[in-house]
Amino acid sequence: IAVDPFDFVIFGGSGDLSRRKLLPALYQRDRDGQLPAEARIIGTSRRKVTDEEFQKVAREAIESFVPSADMDAEVLERFVARVGYVSMDATGSEGWDVLAKRLNEEKDRIRVFYLSTAPDIFGPICEQINAHGLITDKSRVVIEKPLGKDLESAQALNASVGKIFPETSVYRIDHYLGKETVQNLMALRFANSLFEPVWNARYIDHVQITVAEEVGLESRAGYYDTAGAMRDMIQNHIMQLLCLTAMEVPTSLDADSVRDEKLKVLHSLKPMNPTQVAHQTVRGQYTAGASTKGPVRGYLEELGHPTSMTETFVALKAEVGNWRWAGVPFYLRTGKRLPSRVSEIVVQFRPIPHSVFEENAGQLQANRLVIRVQPDEGVKLWLMIKDPGPGGMRLQHVPLDMSFAKAFAVRSPDAYERLIMDVVRGNQTLFMRGDEVEAAWRWVDPIMDAWMSSGEFPKTYRAGTWGPSASVALLERDGRSWHEE
Ligand code: BG6
């Protein structure tokens, strides 16, 4: 179904995010017939290029980042014709009149301002948008990580954007929330009666959330070295996955119902003091090793900075202090240069209280629900069954296996496709509210402070391994182990 007519302004239009994600996502939506004929996309940046030159950038981005099976020459022409460009100084005065003139040709449209720029100019750009009278009751602003580097800077950022745009017009992207499998977590939990009765400390032993990447620094050394795995992945993506796993059933899928419940989870996370940080968290940094594509350099060599203490791996044990989750550890883990790209949520149920299978006691394993976020998206529920055959009551642990690719013969849309269209439609359910971002920092800050004041270097791990051995020990101490298939 086509959305209402809109103008989509991308600040930082020729940047990496715009080329890799935003333009390809808009193209895909156009291909599916969701963009109305009037929709326009306007790139902006300081570069002095013409509409035609920017159209060429857009065309090349689509040719490079859209799978060839999805390329359609007619759609590409139609799409590129929507694209325009305004050269401007986003925080100065140059170019704004030109942008205003273009936008004001169509005053009644939805206006999306997508700030794909450095976060320190989010506030100043909002000021300029306002100063040039570009805000209408149909405008929205989209911002994305890094949303601060700690609580204080996140509060300052929220305040500077919030001075201009009301919270109902601010869309903070966490692209994990746009992933099909992440949305499916809500379907799984709230559209089935099977799980809710056992979704608590009485039946669940622990939860594991892993987001493992095989890539290293890629071309983002400058940013990554100031962030590290905690700020880059845990504070946002992984904590959002934790919220969706642990939250109470919202009263509806309305944006604030969902976000209120996620916020309660963030508030329930038990803060860690420095002693707990030392026991419950592991920081790692990769050294030279191998990926599936061959030998790779260590983080410090890749970075060209021999003393960086930035972590490329984090494993930690979090606790949600409420009735539902009392005593249930949430083990969170993320890292670069791990053996493979795997994101999954593992819900480990408790063992049965009493076994009647005496001879097979050793084979008994507790139920396990594995929600595979990517790749090979799907859900597996591990159960005990009888090994078929006449050999007595032998048991086996086998999965009920639902692979999305096998079950649904449709293309899985990129997260940005869903999220961009939600911005246009004005649906904030899959976007983070300002107080969520701040609550996540409030929990993360003391952990990072304790790391900094300990002065300890992250533990090293060879590229292509599952992180420092301390990460394995973190679970072993509790008599548990990371899920492996
Ligand atoms: C980004 C991080 O937010 O997510 C990157 O900044 C990371 O470091 C990426 O590689 C992972 O996203 P995905 O969708 O590939 O899992």
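Quick look at the numbers
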{"read-out": "MRE, 222 nm, helices only [DSSP H, n ≥ 4, -39500 (n - 2.57), over the chain, to nearest 500]", "value": "-10000 deg cm²/dmol"}
{"read-out": "0 to 90° range, to nearest 10: angle between helix 415-425 axis and the chain longest Cα axis", "value": "50 degrees"}
{"read-out": "Within segment 132-191, chymotrypsin sites (Phe, Trp or Tyr not before Pro) in DSSP loop having at most 13 other beta-carbon neighbours inside 10 Å", "value": "none"}
{"read-out": "Flagged links, alpha-carbon separation over 18 Å, of Lys293/Lys336; Lys386/Lys406; Lys145/Lys459; Lys145/Lys264; Lys138/Lys262; Lys163/Lys264", "value": "Lys386/Lys406; Lys145/Lys459; Lys145/Lys264; Lys138/Lys262; Lys163/Lys264"}
{"read-out": "Debye, to nearest 20: dipole size of segment 1-129, +1 on Lys, Arg Cβ, -1 on Asp, Glu Cβ", "value": "160 debye"}
{"read-out": "Segment 117-125 - phi-based ³J(HN,Hα) in whole Hz, Karplus 6.51/-1.76/1.60, Gly and Pro as x", "value": "9, 5, x, 5, 9, 4, x, x, 5"}
{"read-out": "Cut-off 13 Å between beta-carbons: net charge of the residues surrounding Gly392, Lys and Arg +1, Asp and Glu -1", "value": "-1"}
{"read-out": "Exposure rank, largest accessible area first [Asp225, Asp97, Asp260; 1.4 Å]", "value": "Asp97, Asp260, Asp225"}
{"read-out": "Calculated FRET efficiency for the pair Thr168/Glu218, C-beta based, R₀ 30 Å, to 0.05", "value": "0.30"}
{"read-out": "Of the trypsin sites (Lys or Arg not before Pro) in segment 87-165, those whose Cβ has at most 14 other Cβ within 10 Å and which sit in DSSP loop", "value": "Lys107, Lys163"}
{"read-out": "Backbone HN-Hα couplings from phi across segment 16-25 [Karplus 6.51/-1.76/1.60, Hz, Gly and Pro as x]", "value": "4, 4, 4, 6, 6, 10, 5, 5, x, 5"}
{"read-out": "DSSP-defined beta bridges in the chain - what % are antiparallel, rounded to 5", "value": "55 percent"}
{"read-out": "For segment 263-316, size of Cβ-based charge dipole, Lys and Arg +1, Asp and Glu -1, in debye", "value": "240 debye"}
{"read-out": "Area accessible to solvent at Thr307, 1.4 Å probe radius, in Å²", "value": "100 Å²"}
{"read-out": "In sequence order, calculated HN-Hα J values of segment 269-285 (Karplus, 6.51, -1.76, 1.60; Hz; x Gly/Pro)", "value": "5, 6, x, 10, 8, x, 5, 5, 4, 5, 8, 9, 10, 9, 10, x, 9"}
{"read-out": "Heavy-atom accessible area per residue - the chain, 1.4 Å, Å²", "value": "44 Å²"}
{"read-out": "Fully extended contour minus Cα-Cα distance, from His397 to Val472, at 0.36 nm per residue", "value": "24.7 nm"}
{"read-out": "Protection proxy ranking, peptides 453-459, 311-317, average beta carbon neighbours within 10 Å, highest first", "value": "311-317, 453-459"}
{"read-out": "Long-range amide H partners of Arg462 with built H, under 5 Å", "value": "Thr287"}
{"read-out": "Per DSSP, loop trypsin sites (Lys or Arg not before Pro) in segment 253-313 with at most 12 further Cβ within 10 Å", "value": "Lys293"}
{"read-out": "Amide H partners (placed H, <5 Å) of Ile41, local residues excluded", "value": "Phe8, Val83, Gly84"}
{"read-out": "Amide H contacts under 5 Å for Ala318, placed H, 5+ residues apart", "value": "Phe330, Tyr331, Leu332"}
{"read-out": "Probe 1.4 Å, all protein chains present, accessible-area order of His397, His279, largest first", "value": "His279, His397"}
{"read-out": "Nearest-0.05 FRET efficiency for Ser291 and Ala159, computed from C-beta distance (R0 45 Å)", "value": "0.60"}
{"read-out": "Accessible surface of the chain [probe 1.4 Å, protein heavy atoms]: carbon and sulfur percent", "value": "53 percent"}
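The values are calculated or read from the model by the stated rules, or taken from the named source; none is laboratory data. From a predicted model like this one, the values you see are computed outputs, not experimental measurements. Every residue, glycine as well, gets a Cβ built from its backbone with ideal geometry; the counts of neighbours run over all protein chains shown. Ligands, DNA and RNA are stripped out before the accessible areas are found, and what is left, the full protein with its side chains, is counted by its heavy atoms. Shrake-Rupley method; radii C 1.70, N 1.55, O 1.52, S 1.80 Å.
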